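Just so it is clear, none of the values below were taken in a lab; they were calculated from the coordinates. Worth saying up front: this structure is predicted, and the values here are computed from it rather than measured. All Cβ positions, glycine included, derive from the backbone under ideal geometry; neighbour counts span all protein chains shown.
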């Protein structure tokens, strides 16, 4: 005998089609229009899972998003998603569902042994028990506890679902599609507003979907038909508003074909019509499969045509639940009502009598009986009778869904008239309607929705008056009668009385929390875990608050609520990440020469967002071997390297020279046209910002280069200075980093290479002296030749518009082929500059001063420049500052590693040391490891022997502090 | 002559129902800046009418002119504007930007999956442009026609932006 059965008629299911699905491997069938929950019930599957802590048998409590028990892992393989309420899953053909937290099955769960230990597993048990006997005991116990208690497990494989994010803008966002939401949307839509309605269900209508009234259904379908005809109205289903943020930004997560779509909505106005959630009653063994919310029983009956087999008991403290009793009776179910109130309304009594429903006033439920399925209930009070039943429908009243309206920080307030919390208010452009604000009748909801819709229109500045909404053709609303028992719950009764079904928190746990001093609802939550987990206490919070308030002798309004935060319902992290995963985790930045590198044996390395040419296979199969050969090529012949990643900035205007003169520490006002100059700029706090060369192209135009790493920051800095500080200067700046590509042609034969490549240009020492710059026309474009050296060798940079960079690169390679020219990569480029002692991004660590880097002497004494004043403050002049040094390894057999910590020879190798290695390389010239580093006191210690420690590998290497200029200190080579 | 090469040379045009994404090269982009009204007068003589405000593109005979910032314009045409006075500060940017054409009924939603801009027809109309971001990189999006958009992406990020847009379009086509 099963507890539920599919009715032969009625409901919103499509009886012409059958859908096959599996539950724990068993093949079952349902109908389009079913949810997984209704289909399981129709198949007699009342027991669908086990509880979190005690592994007690559980069935569905609700028919909606508040479901605490019926959680499943849906899907297979990398599309499996755990902890999904079966109440929110529309049935589809081939759907695969698995139960959770039960082994081997919910019907026979070995972990139910936990129930034996239940008496000691109460609130605070973990905190008290597993804290000892040793300091790290918790770390030992935790894996076992997590294994024994828990929910579904996420698969370790990459998620196979697709997640998208889409930005949207609307005049009016309506949250919820019940009568209030539909009325609000139609009101706004009729006035021509752009309306977006988000409904978490797969169908539109909210509470209307659980009704059988023809008048209500006609109103719903007519309203939807008109909404669908309005071009500026968008209706989303399976779309849950998850969070509301500043500026009326709302995130709405929608289930779509291959995964989820996260709508990030900016709404000019928001209508909250999220409805309300029924709360359960607390009594002994109130968690048996078959104990369900009254609204859920009605929804399964009316919407899905799934009814209790024969007998139902309804326990209520309010009038609203009677409609469930009446619907059950009309479907042929024998119904008994256990009424907590002394005297229910006369019209309800009359209607119940007409349907043969027995009512026990002042009764309620004392206990339930059964194992994996409810068999009977015992009433409390004078009518202490036991009644056999298939289902116990419970209704403890209705809680307005105040979650979203609270996200902005407005706390809910208690409304004694409905014995529930309602929104404490709304932000200026927000409006509430219907169940969300504690108005439960059909007429009231529609009126509310219309009023809220008009308010939203006004908030959007839309003055047009829409046609009035026709009310549904049903009788006037009756008052919502509710009387909440104030008797303290008797925790001495046998059996467990659950308040929070999902986390197995009982009434006794709340009493224990009170006894131990956790009186605040926030403390209660943390101590008992009540209101945590996937349902976030949607069915438990208000009952718990009322209980704690009772124990404290205060009202619920004084106890208050915990803080509501996004997301409203469980949201997979993938939905937040969207497409920013894998290949799209971050944008890849490619040099104009990228395609050439890729075709010609280059191995790339990530450098920030850039993909840079690291080394080439002509030089060797590994970076360790290749860069040495590439360095030798540059030191002895000629090589070509991609330097397109350098920041490049166009500085133009009558005051460009004056501007640069203020930005750089050294003089630029008198830089001649056709010359470049190395410059350093400081932040206004005197710390080095960046360095680079800037060339004067004309009287009013300069071509600045920056380090790759600091290009964006320097550009922003220049714009800031011009727009905020020196608005009187007539200067425009523009980034040319993308516009111009660049290559370094380096080595003793580099001049010969350019002569071969550009036979028309004079690149002699006189025609293009050191730091000389000239633009030449070549190949239909402009080529900029700059005699600059990063390697310390005779070298040039050749820049041109990026469209032509590959062609120009190939031209130089071909023209200079007789010289043996070949490309060299970033590893060699960096190593060459270390040998020369050029500082780069690794040394410029945003903490060093000019003097730290040995560049103090290049700063102008007379002229003002940014950072000048603060550069000379006391701390910046301290003799023990970490300053640039060269380092030579003294132990030939040992490898020297970057980031090694530096210690004086007699220091204990411990702590932060006296500095660190910033850059390191094998020197082909010196035949040993060399490095640049920052060391306390810098070159005052030149000649001293120190120690480089690399604790991660327990390595130490003896070093000597030397000048950072390892080669060609006189500059003979670059001036050749 | 040196051959020009686009960073999207290795990318294939994407075409599906209601959406097409392809590179639309062959343009010359020149940034012209200056101070005061003199340079604007000179620029107008060279390229035609200037747009009155930022965010509006003025389509003239040979040039589409976009006012991108105070005292800064982009001039897009087959060639660079000629005959500009010395008051005009000229910065060629043709190599620095790629122009990606996004076209079709899904174009607006494709763009909305990368950029927090209101792409509704009533809010973003032909002739308007926005400077925004796609995939964390700066782009300028010009609404050329009701269902046709030009996305000017930075050259070095162009392939990343392209792949992002194509992926977004694929999601839409798949019903996501």
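Worth a mention:
- Paramagnetic reach from residue A:237 in region B:147-176 [backbone N under 19 Å; point 7 Å along Cα→Cβ]: B:175-176
- Seen through its C-alpha gyration tensor, with square-root eigenvalues sorted a ≥ b ≥ c, region B:28-92 comes out rounded because a/c lies under 1.5.
- Where the Cα pairs of the protein assembly as shown fall when distances are cut into 10 Å bins, in %: 2, 9, 14, 16, 15, 13, 12, 10, 6, 2, 0, 0
- Sorting B:155, B:67 from the fewest to the most surrounding beta carbons within 10 angstrom yields B:67, B:155.
- Modelled label reach - residue A:309, point 7 Å along Cα→Cβ, region A:369-404 residues with backbone N closer than 14 Å: A:370-376, A:388-392
- Measuring r between the beta carbons of residue B:69 and residue A:583 and using R0 = 22 Å, the FRET efficiency lands at 0.10.
- Alpha carbon centroid spacing (whole Å) that separates region B:1-51 from region A:288-305: 63
- Maximal additional length on extending the residue A:134-residue A:617 stretch stands at 168.2 nm, based on 0.36 nm per residue less the C-alpha distance.
- Here residue A:814 and residue A:699 are evaluated by their C-beta separation; at R0 = 35 Å the FRET efficiency comes out at 0.40.
- Helix A:214-229 axis, angle to chain A major axis (alpha carbon atoms, nearest 10°): 20
- Per residue of A:738-745, other chain Cβ atoms within 10 Å of the residue Cβ number 4 on average.
- Label-point gap, in nm, between residue A:940 and residue A:225 - each point 7 angstrom along Cα→Cβ: 9.1
- Region B:1-151: relative contact order as a whole-number percent, Cα under 8 Å and 6+ apart: 24
- Each of residue B:53 and residue A:477 was given a label point 7 Å from its Cα along the Cα-to-Cβ line. The distance between the two points is 4.4 nm.
- Its residues counted as N, region A:647-735 yields a C-alpha radius of gyration over 2.2 N^0.38 Å of 0.96.
- Length released on extending from residue A:215 to residue A:670, taking residue separation times 0.36 nm less the Cα-Cα span: 155.0 nm
- Packing, as the average of other Cβ atoms within 10 Å across residues, places the peptides B:8-14, A:31-37 in the order A:31-37, B:8-14, highest first.
- Our note on the geometry: Cα centres of region B:145-168 and region A:87-105, 41 Å apart.
- Over chain A, relative contact order from alpha-carbon pairs under 8 Å, at least 6 apart, %: 9
- Global size of region A:391-483 as Cα Rg and Dmax, reported in angstrom: 15.3, 52
- Once the chain from residue A:965 to residue A:22 is taken as fully extended at 0.36 nm per residue, the excess over their C-alpha distance is 332.2 nm.
- Taking Cα atoms only, the orientation of helix A:541-552 departs from the longest principal axis of chain A by about 80 degrees.
- For region A:582-652: span of alpha carbons on each principal axis (Å, largest first): 41, 37, 19
- Distance histogram for region A:243-381 (every C-alpha pair counted, 5 angstrom bins, percent rounded to whole numbers): 2, 9, 16, 17, 15, 10, 7, 8, 9, 7, 2
- Degrees between helix A:826-836 axis and first principal axis of chain A (Cα, 0 to 90, nearest 10): 50
- Averaging Cα coordinates gives a centre for region A:169-190 and one for region A:423-487; these two points are 11 Å apart.
- Value of [θ]222 nm, deg cm²/dmol, for chain A, DSSP H segments ≥ 4, -39500 (n - 2.57) each, nearest 500: -6000 deg cm²/dmol
- Label reach from residue A:846 (point 7 Å along Cα→C-beta): in region A:701-744, amide nitrogens under 20 Å belong to A:706-721.
- FRET efficiency, residue A:870 to residue A:725 (Cβ-Cβ, R0 22 Å, nearest 0.05): 0.90
- For residues of B:85-97, the mean tally of beta carbons on other chains within 10 Å: 6
- Two-site label geometry, residue B:174 and residue A:716: point separation in nm, points 7 Å out along Cα→Cβ: 3.4
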